[in-house]
2 protein chains.
Amino acid sequence: MIALRSHLQGRWIEGGSPQVLVNPATEEPLAQAGSGGLDLAAALDFARGAGGPALRELTFAQRGQLLAAMAEALQAHRDELIDLAVRNGGNTRSDAKFDVDGAAFTLTTYAELGRGLGEARFLVDGEGVSLARSPRFHGQHLLVVRRGVAVHVNAFNFPAWGFAEKAAVALLAGMPVVSKPATSSAMVAHRIVEILIERQALPAGALSLLVGGPGDLLEHLGPQDVVAFTGSSETGARIRVMPAVLRNSVRVNVEADSLNAAVLGPDADPGSETYDFFLKDVLRDMTQKAGQKCTAIRRVLVPAAVADRVRDDLADRLAPITVGNPAQEGVRMGPLATASQRDEVRRGIDLLARDGRLVYGAADVKPVGVDPGRGFFVGPVLLEVEPGAEAPSVHSHEVFGPVATIVPYSGRPAEAVEVVARGRGGLVSSVYSEDAAFTTDVVMGLAPHHGRIFLGSAKIAETSPGPGTVLPLLVHGGPGRAGGGEELGGLRGLAFYLQRVALEGPRPVIERMIK
Amino acid sequence: MIALRSHLQGRWIEGGSPQVLVNPATEEPLAQAGSGGLDLAAALDFARGAGGPALRELTFAQRGQLLAAMAEALQAHRDELIDLAVRNGGNTRSDAKFDVDGAAFTLTTYAELGRGLGEARFLVDGEGVSLARSPRFHGQHLLVVRRGVAVHVNAFNFPAWGFAEKAAVALLAGMPVVSKPATSSAMVAHRIVEILIERQALPAGALSLLVGGPGDLLEHLGPQDVVAFTGSSETGARIRVMPAVLRNSVRVNVEADSLNAAVLGPDADPGSETYDFFLKDVLRDMTQKAGQKCTAIRRVLVPAAVADRVRDDLADRLAPITVGNPAQEGVRMGPLATASQRDEVRRGIDLLARDGRLVYGAADVKPVGVDPGRGFFVGPVLLEVEPGAEAPSVHSHEVFGPVATIVPYSGRPAEAVEVVARGRGGLVSSVYSEDAAFTTDVVMGLAPHHGRIFLGSAKIAETSPGPGTVLPLLVHGGPGRAGGGEELGGLRGLAFYLQRVALEGPRPVIERMIK
């Protein structure tokens, strides 16, 4: 069993008190990782003191080149990373490609954005403004890079993509990164950093890796530092109330739970292209990554008149999904990431079932390609509630697995909006309809409650990756339950790592300064 | 003694457990205000349910008209409000005008911004983007108004301006406001709301007022609500850790402490225009509002070679400042707002004096126009530290009164930046110099640590209100110790009250939707 090491202060170092990482399909131990005894204050100082100045020295275009080199490194090691994700992540090859290719695509996109920003080292924010009758007294906002370190605490489900989407934005902004992957699936992120260090893709101190528990990492954060976290809302809240975070107004971005909804319009008759598009997206979100996507559709709102048909059609399409060891040919859905995730999903299914009934599948499943009783498997499960049911758990409890609930509604847009809004804030919801009036009403009604709304028209069925895919040019995050954060969104994502500052003074002096 | 009432659920209502509001110059009781027993959950619901829809119905231009009417109402009652500020705020007439006129100016500025936004009800955020090779698959970000209520918790020092700068932005964005002034100086804010209600300047529920303590107001906040707070960092931290705030990811903006610095360049010889401009700004910030401005200069960085001269010049100019009852002719500085503020400022002066020495003034002062021993007075106090002194309190303890400390430095820009940055994040700092290279180095060095940098060149001396004045077109807020918030900044300020949402779908459908 190999011991994963952290990369801190410019060198590889093994921490104590390790946890064991396993193959979630077979429970075979693969590696161990611990952070006990590591000097994390010194690690942050090194990032701030070595990585920060080195990155700030570079222009945006040069930082973009670093990202391009990172993408290239990932692509060069694509097969190896996919194999690791299959073994340590319970990913099918298709799941693993989604993660690794998503990482490379995000890096490439931000590399291009960097090229577009050219030789600058700070961003000019908006036009200058006259502050008095005399045009000489002038104001101009800038966005300048913060002098601290960006700590990234990632979720277990996307060890490659989650790492890359946070790192790409921070590095392009000019902030050094300390990345902490979730321990259970850390092998992919660990290998990525190993590859990047081997290739000397980044200046010393620009990228550090902490494997194992977070230790006292966040207790050493200062006023120029930021934390971006993806995971449970409980952990998000724990980060927000840390004394160092409060005392220093450390910026915190949280991406947490979300009860993403898909709304089928009453015009989308069964058998229509729009209806098929909708079914395909629901099915993909239930089974891809075994439903372990923060953006996956959890609530399936369908006009009551077609609820039976939707249920039957989904059941028909779920039937051939083979669950088992993703290393085996033909398996279309792997296990959950950990035993505790499996147990929590099972408990969640029981909870949701109290709001209605289970109409397809069971929490128990006989996986193929593994010894009996081994692996953290849950089969796809479809539930359904009565039209108009209050269904408190369906609208408040995120089950992070291959689970969705059909929620019949009247077909009126206002009702769809009201029902979806019971989720109290989400990352993304979607509406499948060709009726422009219906779509507009639902989209505008849902907009304040979401970071993204997906318009599922047949017109984009061929090119669309569906609502469950995070795109680097669109914001990712959402209000309320979803954590209140915002990542990506093209250049918008940089703002989290930059300080907006207003310059106030003589126009010629300011204009010369920002040229 | 009158009892101030709250305006909640569309009516005036008196709460229990009142506190007494006094004239801080004479300690004469003026009014009482309490919030005991008020149903604050219902008050928030009324704002959300009545005020929200009424405001969202309006276009930005129409909301701008509301702000223009508010400004007009303030101007019509200007003398009355100034009189109240003199009595209840300890303001000189000049201080009171600064507050009331600042309020009206901010409202007028946002009224104009609203007119510029025209008939829209949401903002289009950036250009649309192609999301695939096919240009049909399209993304577009919008900023849409949140469905909740904006709670504004204001500081005691600017009862008019503080109210208006928060309310203007929220109302223009389309969010209903519940405003809670600091109790000690609440009479001005109370009278403003009374005037606005009498004039029916706003739709029902768009503006509520809570006088007295905050009670359980913040325990009822939900995922679409926001809180903007100005005051101490301790209270800011208490708001951030409230269970409802954490659970619902309630947006919180904190504007807290700040050790604003003014840096005199080595080129600004005593007697030069730039030097005089610098002295004037330091003097204004020490004495205006008795130094009770969050943006006031606290640390005066001067080249060691001229430190003695600066000290003497400031002392000469402080000497004729008459301290006393601001209702009396000739008084140029009034008392602090409360007895506890006075005590805290006295303690703060003692603390700073340990870092160096007191060179002008004394915490004790003989105010004119009041009975002996009455009133919460502190005279202007100037301190000084040795060149290169660590001066931990000077760089960490904000004394919220007529107090500043001279900090001699070498004249090197890098040293100025390092010394100012010891403040760990501030609202505004300023640099007084005509040397473009020096100014640029200091400005760019200070930028990541501040929300605003003021370039004090003689070229703008005639039109400039100095660094201590918050301008509605520039952001107000700062990282770290300053709370990490951001207000105003023209249209930038609206973002706090809006939800950014990405629309993802067929280009023609999205383009029609946002027209």
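Taking all protein chains together and a 1.4 Å probe, the residues A:S258, B:S17, B:S184, A:S396 rank B:S17, A:S396, B:S184, A:S258 from largest to smallest accessible area. Once the C-beta distance of B:W12 and B:A362 is scaled by a Förster radius of 51 Å, the resulting FRET efficiency is 0.70 to the nearest 0.05.
Straight-line cross-link partners of A:K515 among the aspartates and glutamates, defined as a Cα under 18 Å from its Cα and at least 8 positions apart when in the same chain: A:E57, A:E119, A:D125, A:E127, A:E504, B:D435, B:D441.
Simple rule: put +1 on each Lys or Arg Cβ and -1 on each Asp or Glu Cβ in region B:391-515, find the dipole, and look at B:V428, B:S410, B:I460; the Cα lying farthest toward the positive end is B:V428. With K and R counted +1 and D and E -1, the other residues having a Cβ less than 13 Å from that of B:E344 yield a net charge of -2. Quick one: of the DSSP bridges fully inside chain A, what percent are antiparallel, nearest 5? Given both bridge residues lie in chain A, the antiparallel proportion sits at roughly 40 percent.
In terms of its C-alpha gyration tensor, region B:426-473 has an oblate overall shape, because the principal axis ratio a/c (a ≥ b ≥ c, square roots of the eigenvalues) is not below 1.5 and a/b does not outweigh b/c. Counting only protein heavy atoms and using a 1.4 Å probe, the accessible area of A:D281 comes to about 0 Å². Distance between the 7 Å Cα→Cβ label points at A:Q200 and A:A120: 3.2 nm.
Residue and whole-Å distance for the chain B Cβ lying nearest the axis of the B-onto-A rotation are B:V241, 2.
Each other copy places its own label point for A:G36 at 5.6 nm from this one, sorted shortest first, where the point lies 7 Å along the Cα-to-beta carbon line. Legend: residues A:D308, B:D364, sorted from most to least accessible area (1.4 Å probe; ligands, DNA and RNA excluded), read B:D364, A:D308.
The radius of gyration of the Cα set in region B:385-515, together with its Dmax, comes out at 19.7, 68 angstrom.
Given R0 = 41 Å, the distance between the Cβ atoms of B:T59 and B:A132 translates into a calculated FRET efficiency of 0.75.
Over region B:1-95, accessible surface divided per residue gives 41 Å², non-protein components excluded, 1.4 Å probe. For region A:213-330, the square roots a ≥ b ≥ c of the C-alpha gyration tensor eigenvalues yield an a/c of 1.5 or more together with a/b exceeding b/c, which makes the shape prolate. Taken over the alpha carbons of region A:364-450 as equal point scatterers, the Debye sum produces base-10 log I(q)/I(0) values at 0.15, 0.19, 0.21 Å⁻¹ of -0.67, -0.92, -1.05. Relative to its Kirkwood radius, the Cα radius of gyration of region A:152-201 gives an Rg/Rh of 0.95. Kirkwood radius for region A:188-266, taken over all pairs of different Cα atoms as the inverse mean of 1/r, rounds to 15.3 Å. For the chain pair B and A, the interface hides roughly 5900 square angstrom of accessible area in total, found with a 1.4 Å probe. With a Förster radius of 60 Å applied to the C-beta separation of A:A76 and A:D316, the computed FRET efficiency comes to 0.90.
For the pair A:K97 and B:T463, label points projected 7 Å from Cα toward Cβ lie 6.1 nm apart. Around the amide H of A:E27, modelled in the peptide plane, lie the amide H atoms of A:G375, all under 5 Å away and 5 or more residues distant in sequence or on another chain. Rounded, prolate or oblate, given the Cα gyration tensor of chain A, with a/c below 1.5 counting as rounded? Cα axes put chain A in the oblate bin.
Comparing A:G356, B:G222, A:S94 along the charge dipole axis of the protein assembly as shown, the residue lying farthest to the positive side is A:S94, per the Cβ-charge model. Counted over region B:8-104 with a bin width of 5 Å, the fraction of Cα pairs per bin, in whole percents, is 3, 11, 13, 13, 16, 19, 16, 7, 2, 0.
At full extension, B:S232 and B:S410 could sit 60.8 nm farther apart than now, given 0.36 nm per residue minus the alpha carbon distance. Summary: within chain A, the longest segment free of GluC sites (Glu not before Pro) located in DSSP loops with at most 14 other C-beta atoms within 10 Å is A:120-328. Relative contact order, whole percent, for chain A stands at 18, derived from Cα pairs under 8 Å and 6 or more residues apart. Overall, the accessible surface of region B:331-379 at a probe of 1.4 angstrom is composed of carbon and sulfur to the extent of 45 percent.
Computed over region A:268-349, the range of Cα coordinates on each principal axis works out to 40, 29, 20 Å, biggest value leading.
Roughly how many Å is it from the Cα centre of region B:49-108 to that of region A:359-427, as a whole number? When both Cα centres are located, 50 Å separates them. Counts of other chain beta carbons within 10 angstrom of each beta carbon in peptide B:475-482 average 6. Excluding same-chain neighbours fewer than eight residues apart, the lysines reachable from B:K289 by a Cα-Cα span under 30 Å are B:K97, B:K166, B:K180, B:K280, B:K366, B:K459. The mean count of C-beta atoms from other chains within 10 Å of the C-beta of residues in B:228-237, rounded to a whole number, is 1. When the helices of the protein assembly as shown are scored as -39500 (n - 2.57) per DSSP H run of n ≥ 4 and the total is divided over every residue, the value at 222 nm lands at -10500 deg cm²/dmol.
Rounded to the nearest 5, the antiparallel percentage of DSSP beta bridges internal to the protein assembly as shown is 40%. Compute the Kirkwood hydrodynamic radius of region A:448-515, taking the inverse of the mean of 1/r over all pairs of distinct Cα atoms, and give it in Å to one decimal. When all Cα pairs of region A:448-515 are included, the Kirkwood radius is 15.2 Å. Projection of the Cα convex hull of region B:301-452, averaged over all directions and equal to a quarter of that hull's surface, yields 9.7 nm².
With label points set 7 Å from Cα along Cα→Cβ, the inter-copy distances at A:I13 are 5.9 nm, sorted shortest first.
Computed over the Cα atoms of the protein assembly as shown, what is the convex hull's projected area averaged over all directions, in nm²?
Working: hull surface 153.5 nm².
Quarter of the Cα hull surface area: 38.4 nm².
Distances, shortest first, from the label point of B:D269 to those at the same position in the other copies read 9.1 nm; the point lies 7 Å along Cα to C-beta. Taken residue by residue and averaged, Cβ atoms of other chains lying within 10 Å of the Cβ of B:134-146 number 4. Between region B:324-358 and region A:259-327, the C-alpha centres lie 68 angstrom from each other.
Working note: Debye formula, equal point scatterers on the alpha-carbon atoms of region B:138-223, no solvent; log10 I(q)/I(0) at q = 0.20, 0.21, 0.25 Å⁻¹ is -0.94, -1.02, -1.34.
The values are calculated or read from the model by the stated rules, or taken from the named source; none is laboratory data. Bear in mind that the values here come from a model prediction, so they are computed numbers and not experimental data. Note that each Cβ is placed from the backbone with ideal geometry, even for glycine, and that neighbours are counted across all protein chains shown. Heavy atoms of the whole protein, side chains included, go into the accessibility calculation; ligands, DNA and RNA do not. Shrake-Rupley method; radii C 1.70, N 1.55, O 1.52, S 1.80 Å.
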